[in-house]
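Scroll down for the structure; my scribbles are underneath it.
Derivation of every value follows stated rules applied to the coordinates shown; laboratory data play no part. Given the structure is predicted, the values throughout are model-derived calculations rather than measurements. With ideal geometry, Cβ positions are generated from the backbone for all residues, glycine too; neighbour counts draw on all protein chains shown.
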Amino acid sequence: MEIQSAFNAGVQGFQKASEDAYKAAENIATSVGITPESYGIGQDNNNQILNSATQNPENAVNLTQSVVDLRVAEFQAKASANVIESADENLGTLLDVRV
């Protein structure tokens with residue numbers, strides 16, 4: 001049986017978080033109907049996005065779930081970064097090399 005290193009587990013977790021964040025961001029962009037032509041800064045654009053989300057409750061639920069998924073991916077990435085950092089510190093301690 002192969003035992004996976006903590007460093008590899010952290011890297012895989014970080015890659016998974018990156019993929020999940022990308023999917024959630026893509027879902028958010030498609031659910032609010034943002035296109036490059038309609039993208040802009042200002043209250044009018046914000047009102048259009050808000051109106052499109054409130055007119056279709058199913059779309060609003062998908063938007064909410066996508067925002068939650070994006071936040072979960074953020075926490076997963078932070079946890080994976082902590083795992084990588086801990087693995088690096090432990091390896092440095094085992095080798096008696098500290099920077």
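Odds and ends about this structure:
- Along the stretch 72-82 the Karplus relation, 6.51 cos²θ - 1.76 cosθ + 1.60 evaluated at θ = phi - 60°, assigns HN-Hα couplings of 4, 5, 4, 5, 5, 5, 5, 5, 5, 5, 5 Hz to successive residues, with x for each Gly and Pro.
- For Lys23, net neighbour charge (Lys/Arg +1, Asp/Glu -1) across residues whose Cβ lies under 13 Å away: -3
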